[in-house]
Amino acid sequence: MSGIERFDPFTGTRVHIVASRQNRPNIPTEGCPFCVGGLEAPTDYRVKSFVNRWPALQNGICEVVLYSPKHDSSFASLEPSEIKDVVDLWAERTTHLANQNDIEYVLVFENCGAQVGATIQHPHGQIYAFDHVPARQHRILSANWRPELDAGARAILTTENFVVYAQFASVHPVSLVVAPRARVGTVAELTSDQRLGFAEVLSRTFKALHNLFDSPPPYMMWITQIAETKNYTEPWMHMEIVSPWRATNVQRYIAAAEISTEEYFNPVDPDDVAARLRNLIS
Ligand SMILES: [Zn+2]
């Protein structure tokens, strides 16, 4: 892989210079590469993963995860049984990648919508396998993160196995946590029943998010988990779902005062987001 990794000793920021990604197509010119028969999916599939042609990591592995052969589908429209196939694939890839030499952290994530940089509409996510634990994940895991099992005014949904709530210190207008009520370290440690429960919760949450804005909002999603347990005490896997929308088609930008200080000014009250989602979720 081309590219170099740089570290700023003053800010503690790690930067991957990946100029080769400038050459990747913004919008595919010859049909969707993720539809069956397309460049990356020559044969039929239910879910699928493959190595990213445009890797962002020089010392690591970048994969793409296809959620469904249906081009216009999303977590809001897929059946829970179909979403469980995605969860199973996340689990399989987490285990596979974590077992590779020099892999310390497996990041499962998604950018959905052009406003957060997704270049292809077809429902898909990505996985980066790092040779180190990234700084934010290290802070979360070192601090012995635990979910809020009763988030009070910020609670959105509680099921047999999972909780969904708005984050206390939300950086983004919408910032949700989806977490198992019983601790597991990685998505791969979820039982089959828990994975189906996870899928059902995602289906309900994304439907409610669509209803919140009367259209599908752009969002980013990622799972915090741990590949190497030795450095952390009882890591607790969880997902965060964040959207930059503060209203339909109104984007909140993270700007100078925030980027420069790493302090954030969120115009939306998490209690309010939670109350509205609680009313919409079914
Ligand atoms: Zn497609």
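Counted without the sites themselves, the longest stretch of the chain free of trypsin sites (Lys or Arg not before Pro) in a DSSP loop having at most 14 other beta carbon atoms within 10 Å is 71-180.
Magnitude of the charge dipole for the stretch 69-141, about its Cα centre and with charges confined to Cβ atoms of Lys, Arg (+1) and Asp, Glu (-1), is about 240 debye. Using a Gaussian network model of the chain whose springs link C-alpha atoms within less than 10 Å, name the residue from Val116, Val171, Val15 with the highest mean-square fluctuation. In the Gaussian network model the winner is Val15.
A Gaussian network model of the chain, with springs between Cα atoms under 10 Å, assigns the largest mean-square fluctuation among His16, His122, His132 to His16. Entry note, the stretch 65-224: relative contact order of 34 percent, from Cα contacts under 8 Å with a spacing of 6+ residues.
Here the contact order of the stretch 142-256, divided by its residue count and restricted to Cα pairs under 8 Å and six or more residues apart, works out to 31 percent.
Expressed as a fraction of 2.2 N^0.38 Å, the value expected for a compact globular protein of N residues, the C-alpha radius of gyration of the stretch 1-138 is 1.11.
Rounded, prolate or oblate: pick one for the stretch 84-206, where a ≥ b ≥ c are the square roots of the eigenvalues of its C-alpha gyration tensor, a/c under 1.5 means rounded, and failing that, prolate if a/b is larger than b/c, else oblate.
Values: a/c = 1.29, a/b = 1.22, b/c = 1.06.
Cα axes put the stretch 84-206 in the rounded bin.
Pull out a ≥ b ≥ c, the square roots of the eigenvalues of the alpha-carbon gyration tensor of the stretch 134-226, then state rounded if a/c is under 1.5, prolate if not and a/b is larger than b/c, and oblate in the remaining case. Judged from the Cα gyration tensor, the stretch 134-226 comes out oblate (a/c at least 1.5, b/c at or above a/b).
Extension gain for the segment Asp193 to Ala169, taken as residue separation times 0.36 nm less the Cα-Cα distance, is 5.5 nm to one decimal. If you wrap the tightest convex hull around every Cα atom of the chain and split its volume per residue, you get 141 Å³.
Given a Förster distance of 41 angstrom, what is the FRET efficiency for Ser74 paired with Thr233, based on the Cβ-Cβ distance and rounded to 0.05? Write out the running numbers ahead of the final one.
Working: r = 36 Å, r/R0 = 0.89.
Between Ser74 and Thr233 the formula returns 0.65.
Absence of a disulfide-compatible partner, taken as no other cysteine beta carbon within less than 4.7 angstrom, is noted in the chain for Cys62, Cys112.
For the chain, a crude dipole built from +1 on the beta carbon of Lys and Arg and -1 on the beta carbon of Asp and Glu, taken about the Cα centre, is about 240 debye to the nearest 20.
For the stretch 73-179, the list of GluC sites (Glu not before Pro) that fall in a loop by DSSP and count at most 13 other C-beta atoms within 10 angstrom reads Glu160. Within the straight-line cut-off of under 16 Å between alpha carbons, the aspartates and glutamates reachable from Lys70 are Glu40, Asp44, Glu79, Glu82, Asp85, sequence neighbours fewer than 8 places apart in one chain being disregarded.
A Gaussian network model of the chain, with springs between Cα atoms under 10 Å, assigns the largest mean-square fluctuation among Ser68, Ser175, Ser81 to Ser81. When you restrict to C-alpha pairs under 8 Å that are six or more residues apart and normalise by the size of the chain, the relative contact order lands at 19 percent.
Since every read-out is calculated from the coordinates, none of them should be taken as a lab result. Just so you know, these numbers come straight off a predicted model, no measurement behind them. No Cβ is skipped: glycine too gets one built from the backbone with ideal geometry, and neighbour counts run over all protein chains shown.
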